[in-house]
Amino acid sequence: MAKDIEKYKNKKAKDFNIFTYLYQLYARFIVFPLFTFLFYNIKYLGRKNVDLKQNYIVAPNHISYLDVFMVAIVLRKPVAYMAKKELFESSEYVARNISRLGAFPVNREKLEKCTLKTAREVLKTKFDLCIFPQGGIRKNKKLEEINTGLVFFAKMAKRDILPIGISGVETYNWNIFKRPVVKIEVGTPISYEKDEAEIIKEWKEQIANLTGYEIVQSNSNEI
């Protein structure tokens with residue numbers, strides 16, 4: 001178990017550099033394809049919606065640990081990720097390698113100053129900032145409460161939100177003769193200038209259209 005994750009919490013703009021991007025390229029085009037080619041038929045759609053000259057707050061739904069790699073491949077850009085702190089606490093090996101991929105730990109229970117500071121450092125770079133609004137992996141094909149931190153960071157950064165729908169890998173496949181279809185599709189950017197309720201509503205509607213998932217109306221305020 002990684003006992004000290006403080007060194008991963010407070011990252012600077014210089015930590016999101018060409019070496020981070022090269023490590024991402026290595027994972028995206030060598031390690032990840034070798035693994036997924038055997039077990040999945042992955043389709044990348046909607047790339048026309050990505051302006052390679054513009055930076056976004058990237059907002060995918062979250063259904064597996066493979067999502068971060070598929071997001072990076074469909075975007076074709078360097079990406080920094082907010083990741084749950086429990087991943088960093090699991091082992092030093094995991095913490096070190098996901099940090100190299102551009103991730104930094106986030107406390108899902110409350111917004112910490114270090115998260116805000118690191119996010120601001122990311123915004124000084126050419127990296128897109130990826131936030132999973134559902135707050136964790138959700139395999140039930142339902143879009144329920146989401147974390148409104150998505151809106152907070154979009155408005156702070158003055159960056160539009162880019163929804164990405166992921167479906168087909170709700171369960172992991174280890175049968176090379178099965179190879180289920182996995183679809184990752186980029187939606188259309190959502191303006192950060194809209195109000196919070198509009199942004200949340202549009203994100204859910206786009207993800208539902210991209211994935212076929214059901215929107216579940218919450219009886220409480222979004223978290």
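Descending by average beta-carbon neighbour count within 10 Å, the peptides 114-120, 129-135, 46-52 line up as 129-135, 114-120, 46-52, the highest first. With a 1.4 Å probe and all protein chains left in place, how much of the accessible area of region 63-133 comes from carbon and sulfur atoms, in whole percent? Roughly 56 percent, rounded to a whole number. For region 171-183, backbone phi angles converted through the Karplus equation (6.51, -1.76, 1.60; θ = phi - 60°) give residue-by-residue couplings of 10, 6, 10, 10, 9, 5, 8, 8, 6, x, 6, 10, 10 Hz, Gly and Pro being listed as x. Bridging of Lys43 to lysines at a Cα separation below 28 Å is possible for Lys53, Lys77, Lys84, Lys126, Lys139, Lys141, Lys142, Lys178, Lys183, Lys201, Lys204, once same-chain residues fewer than 8 apart are set aside. Proximity of backbone amide H atoms, modeled 1.01 Å from N, is registered between Ile215 and Leu143 at under 5 Å, excluding neighbours fewer than 5 places apart on the same chain.
Take the alpha carbon atoms of region 1-54, find their center, do the same for region 147-169, and report the distance between the two centers in whole angstrom. If we compute the Cα centre of each part, the gap is 17 Å. Computed over the chain, the Cα gyration tensor eigenvalues convert (square root of 5λ each) into semi-axes of 23, 23, 18 Å, ordered from largest to smallest.
If the segment from Asn49 to Lys84 were pulled out straight at 0.36 nm per residue, it would be longer than the present Cα-Cα gap by 9.8 nm. Computed over the chain, the per-residue total of -39500 (n - 2.57) for DSSP H runs of n ≥ 4 gives a 222 nm mean residue ellipticity of -10000 deg cm²/dmol, rounded to 500. Coupling constants for region 10-15 follow from the phi torsions by the Karplus curve (6.51 cos²θ - 1.76 cosθ + 1.60, θ = phi - 60°), and in residue order they are 9, 9, 9, 4, 5, 6 Hz; glycine and proline get x. Phi angles of region 143-149 translate, via the Karplus equation with coefficients 6.51, -1.76, 1.60 and θ = phi - 60°, into HN-Hα couplings of 9, 10, 5, 10, 7, 6, x Hz per residue; Gly and Pro are given as x. Spin-label pair Phe29-Lys7: with each label point 7 Å from Cα along the Cα-Cβ axis, the two points sit 3.0 nm from one another.
Within the same chain, aspartates and glutamates fewer than 8 places from Lys155 are excluded, and of the rest, those with a Cα less than 16 Å from its Cα are Glu121, Asp128, Glu193, Asp195, Glu196, Glu198, Glu202. Building the convex hull from the alpha-carbon atoms of region 1-58 and averaging its projection over directions returns 6.8 nm².
Between Val181 and Lys110, the modelled label-to-label distance comes to 4.7 nm, taking each label 7 Å out from Cα in the direction of the beta carbon. Take every Cα pair under 8 Å whose residues are at least 6 apart in sequence, average their separation, divide by the length of the chain, and the relative contact order is 29 percent. Sparsely packed loop sites in region 69-135 (the GluC sites (Glu not before Pro) outside DSSP H, G, I, E and B with at most 15 other Cβ atoms within 10 Å) comprise Glu109, Glu112.
Charging the Cβ of each Asp and Glu at -1 and of each Lys and Arg at +1, and nothing else, the dipole of the chain about its Cα centre rounds to 800 debye.
What number do you get for region 132-186 when its Cα radius of gyration is normalised by 2.2 N^0.38 Å, N = residues?
Details: Rg = 14.8 Å, N = 55, 2.2 N^0.38 = 10.1 Å.
Ratio of Cα Rg to 2.2 N^0.38 Å: 1.46.
In this structure, the amide hydrogen of Ala83, modeled 1.01 Å from its nitrogen in the peptide plane, lies closer than 5 angstrom to those of Phe104, Val106, counting only residues at least 5 positions away or on a different chain. Packing here is the average count of other Cβ atoms within 10 Å per residue, and on that basis the peptides 191-197, 154-160, highest first, run 154-160, 191-197.
If you roll a 1.4 Å probe over the heavy atoms of the protein chains, what accessible area per residue do you get for the chain, in Å²?
Accessible area per residue, the chain: 51 Å².
The values are calculated or read from the model by the stated rules, or taken from the named source; none is laboratory data. Predicted, not measured: the structure shown is a model, and the values here were computed from it. Neighbour counts run over all protein chains shown; Cβ positions are idealised from the backbone, glycine included. Surface areas here come from the heavy atoms of the whole protein model, side chains and all, with no ligands, DNA or RNA. Shrake-Rupley method; radii C 1.70, N 1.55, O 1.52, S 1.80 Å.
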